[in-house]
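First up is the structure itself, then whatever we jot down about it.
No lab work stands behind these numbers, since they all come straight from the coordinates. Remember, it's a predicted structure, so these values are computed and weren't measured experimentally. All Cβ positions, even for glycine, are placed from backbone atoms using ideal geometry, and neighbour counts span all protein chains on display.
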């Protein structure tokens, strides 16, 4: 990966910090977030690695990772982080960047009717807020 | 004991059994739950982006409404509880956000309402000892795995509900009903929450791990206070997953509300029949 | 009219790069009373000082101003030079045109030059009114107090005592040796801690110039450097140690078993006895908390079996007083309780232990006689996980700092485990391996290569009991994979923190502590063993986390400070302190309130305020507060201050 000053301190990184209210460089990559993440097993990039990609200014890799959509905002990471970085908020910021560009992860009109029937409203409202 | 009651959207639809069992139990216990007349959906998830406060408007309105009636606000859905409580903390702590919401909603609410989960009402306002005395049909021998999930406990600094790493309120509740709490390590692990609507075939892994763990420790059933957790666990078809209020109603003898288990994927009746009358 | 000389230093380019020193010299030589002015590249150098001495002699200067760096740097240097040339040193003043001028105004050369001229004029006005002063002589009590008898305190005590001075060594616990007495082996040599410690404890115990006081605490300190008055509370032992022969029949027969604090709760001891077989002093004490007789009046078995009738249930707390000239604080450390960490089991999982507990497990005098057996069921663990940085580098649940020694002792633990359990596996979760010490990195690599330690780079998020295993959920950030280990034993390297009551002792001693409660050194680099109070020194983990070699080195350094203090018959205290005009003073006592050093009082009989010159630090607080103007700061009087301000305006 090619690193440049522009990339490392890009507009994108500042935007993620602004939306999340968190300091990306506060993280010292101990991986405690990943170690306790309930969704880690199904993520292709562990949560701490997504944060590392942000520290390195790798906008496109971070945004194309499924990890940000698999984060369930359970706050296990944030409640144990030794550096007071709330990774849940950073994941939300990454989703928000995409959603504000109209890049929905789930299209509400294409959800299967049997799922709509079975799912609690809480999941639909919550899920669609996170995904569309 | 009179409270403003916020049912939330799911308790009127997919979790009718939760709402009905809660209200019947509360009536039996002399706890008056008065449904807020003008409640709106809380939004289901607490908004984590710090640059847009729109999603706080609805819970702010609910909090303000309860406060103006001079009553503590009770809810029992973990999701609603999480959103309302966090919004309340935010409003109390952040004058900037409070100012914006106040101007938008046109009421000057400053975060003074008390947001209570029904379990807290049972523990502190009624008392688990008093509850134990009101139990007419103790669930002796029933091994119940309490499932806390995330929303009741985290983030701990906002929720202040119980010890986030080692909670005990569910266990004490289960003991008060005469049943036996199962101590299993996954009781505070996340079930995957809303990720289940992403249709990722592996999004069910966390729920399956919770069920395996509860099963390994000999649980007959799981109790929860979150309709989403209930769905994610129940839909896997491994063991009955009940709302805590259903067990409460059972132990108090409010059997009429427990005739309908059609909303469950796993019918709890075969398991419950061995331990409780009237099912 | 005084004859004043002004010397302007370039400080290489530090000053001359910004301030036009030639212009300063030219301007100031016109100033009334200035009979000599010159500049030089490095005024503090020998040739620079020679210029000052020469001018004093040739021009009969009776006041000198050196415009240079901060007085903290070279005031003493220049005053000694002036003294050598026959000028009273207190008639030489420093004018700081570096830190307070050139360094902060490097972008504004002309203004900086003007400011330098004004500053120099102002100091010339002060110097014009300076009086000749003589340092205040203070006597020295050549006896030292050392608080804490761990490796650091013992080392200081021995060095001071060996040099021929009396030492009072106060220890709160019943025995000396501190934390090191709990250790099994030491890194990086793996030599037995007891083998290198017991010769020292024995030497301390028998040293004719060390007055050892165990079961004791310092409760009050007054006085000043060279003349401290110390009150020491001696807790009752309920045993006549002068009669006791140390047969320990009392301990053998005592029916009351209690958890051993020395073994970190993993072994048992008795309500009377010693903590471990090599304890110094080897004399038993009764635990007030646990003794059946002292709590219920029944039992008394120890009294019955004692062959020399040494048991004394009537023993009482005493307070004794000591006069000492110097104090060394060596109170050591605690470990952050593992109860802080809910995600690691809150101290509820029996097979999750801390580093000192592992030391006891591995110690041949410990609860398992040195066999590595886990607390829950006594089984030999086959998979052991060591977690570093538990509460260190953790601003949320612990301490933001690095505890410095955990990397090394965790490697040591893992190696010692492997030496005893050959078919076992040791895993170490680490953040960075900090092995900066002689032979330390080689030690780590030996552990990896020869003993097969598996290092995993990352933190652990959760530890929980699963059947008879302790599940560990961690991450290995190098492979970017989560790691799950079903362990038999987990050892937490919990953070080093100050003793729980360090802040109380700091108040007794009137010392500063840092944000965490470690005693504050006078300067982090140049005065690391001195406190901010003259005559009180710091050593060991009381000051900051450190290992045994560093503690011993600092202990030696503290001892040398004490010996320097004891090297003369008198100490000199700067005379630039306050004095009182008894004719003006009305005895209102406002100065007493204003003084942070306890240097002011009001004489009960004369109703006039007094000054304890040796306690006065010359801060001027009382002089400013004095409503009648009776308190005067020597060589910083009101006329001096006003003339200085006038010169600048």
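Tilt of helix C:406-420 relative to the longest C-alpha principal axis of chain C, in degrees (0 to 90, nearest 10)?
The angle comes out near 20 degrees.
Would you mind giving the average projected area, over all directions, of the Cα convex hull of the protein assembly as shown in nm² with one decimal?
54.6 nm²
Rounded to the nearest 500, what is chain A's calculated 222 nm mean residue ellipticity when only DSSP H runs of at least 4 contribute -39500 (n - 2.57) each, over all residues?
Counting only the DSSP helices, I get -14500 deg cm²/dmol.
Rounded to the nearest 10 degrees, what's the angle between the helix B:16-29 long axis and the longest principal axis of chain B, both from Cα atoms, 0 to 90?
Once rounded, one gets 90 degrees.
Name the shape class, rounded, prolate or oblate, that the alpha-carbon gyration tensor gives for the range A:67-132, where a ≥ b ≥ c are the square roots of its eigenvalues, rounded holds for a/c under 1.5, and otherwise prolate holds if a/b is larger than b/c and oblate otherwise.
oblate
Could you let me know the centre-to-centre spacing of the range A:19-72 and the range C:620-646, using Cα atoms, in angstrom?
62 Å
Please compute, for peptide C:51-61, the average count of beta-carbon atoms on other protein chains lying within 10 Å of each residue's beta-carbon.
0
Figure the gain on full extension for residue C:231 and residue C:251 (residue separation times 0.36 nm, minus the Cα-Cα span) and round it to one decimal in nm.
Gain on extension, residue C:231 to residue C:251, equals 4.0 nm.
Among C:230, C:167, rank each residue by its count of other Cβ atoms within 10 Å, from fewest to most, as a rough exposure measure.
C:230, C:167
Give me the one-decimal Kirkwood hydrodynamic radius in Å for chain B, with the sum taken over alpha-carbon pairs.
Over chain B, the inverse of the mean reciprocal pair distance is 19.1 Å.
Give the separation of the Cα centroids, the range C:505-531 to the range B:19-63, in Å.
Spelled out, the Cα-based centre of one part sits 53 Å from the other.
In a Gaussian network model over chain B where Cα atoms closer than 10 Å are linked, find which of B:265, B:67, B:53 has the largest mean-square fluctuation.
Its mean-square fluctuation being the largest, the pick is B:53.
Report Rg(Cα)/(2.2 N^0.38 Å) for the range B:214-279, keeping two decimals.
Cα-based Rg divided by the globular estimate yields 1.05.
Arrange the following residues from fewest to most other Cβ atoms within 10 Å of their Cβ: C:152, C:376.
C:376, C:152
Report, in degrees rounded to the nearest 10, the 0 to 90 angle that the Cα long axis of helix A:121-131 makes with the longest principal axis of chain A.
For helix A:121-131, the angle is close to 40 degrees.
Just to be sure I understand: with springs between alpha-carbon atoms less than 10 Å apart, which residue in B:63, B:263, B:228 has the highest mean-square fluctuation in the Gaussian network model of chain B?
Greatest mean-square fluctuation among the candidates belongs to B:263.
Could you put C:43, B:239 in order, starting from the residue whose Cβ has the fewest other Cβ atoms within 10 Å?
B:239, C:43
Can you bin the range B:163-279 into rounded, prolate or oblate? Criterion: square roots of the alpha carbon gyration tensor eigenvalues sorted a ≥ b ≥ c, rounded for a/c under 1.5, prolate for a/b above b/c, oblate for the rest.
Verdict is oblate for the range B:163-279.
Would you mind calculating the relative contact order of the range A:29-127 from Cα pairs under 8 angstrom and at least 6 residues apart, reporting the percent as a whole number?
23 percent
Residue by residue through A:103-116, how many Cβ atoms from other chains fall within 10 Å of the Cβ on average?
Counting Cβ atoms of other protein chains within 10 Å of each residue's Cβ and averaging gives 1.
Going by a ≥ b ≥ c, the root eigenvalues of the Cα gyration tensor, does the range C:308-402 fall in the rounded group (a/c under 1.5), the prolate group (a/b larger than b/c) or the oblate group?
Note, shape of the range C:308-402 comes out oblate.
Remind me, relative contact order of chain B in percent, using alpha carbon pairs under 8 angstrom and six or more residues apart?
20 percent
Please compute the average number of Cβ atoms from other chains found within 10 Å of each residue's Cβ in peptide C:565-575.
Partner-chain Cβ atoms within 10 Å, mean over residues of C:565-575: 0.
Select from A:58, A:122, A:29 the residue whose mean-square fluctuation is largest in a Gaussian network model of chain A (Cα-Cα springs shorter than 10 Å).
The residue with the greatest mean-square fluctuation here is A:122.
Hey, what's the Cα Rg ratio for chain A versus the globular rule of thumb, 2.2 N^0.38 Å?
This ratio for chain A stands at 1.10.
Taking 0.36 nm per intervening residue step and subtracting the Cα-Cα distance, what contour gain separates residue C:208 from residue C:642 on full extension?
150.4 nm
Using alpha-carbon positions, what is the distance between the centroids of the range A:79-132 and the range C:428-444, in Å?
With the range A:79-132 and the range C:428-444 each reduced to a Cα centre, they are spaced 43 Å.
So if I average 1/r over every pair of distinct C-alpha atoms in chain C and take the inverse, what Kirkwood radius in Å does that give?
It works out to 28.9 Å.
What's the ranking of C:428-440, C:407-419 by average number of surrounding C-beta atoms within 10 Å, highest first?
Those peptides, ordered most packed to least, come out C:407-419, C:428-440.
Would you work out the relative contact order for chain C, in percent, from Cα pairs under 8 angstrom that are 6 or more residues apart?
Relative contact order for chain C comes out at 13 percent.
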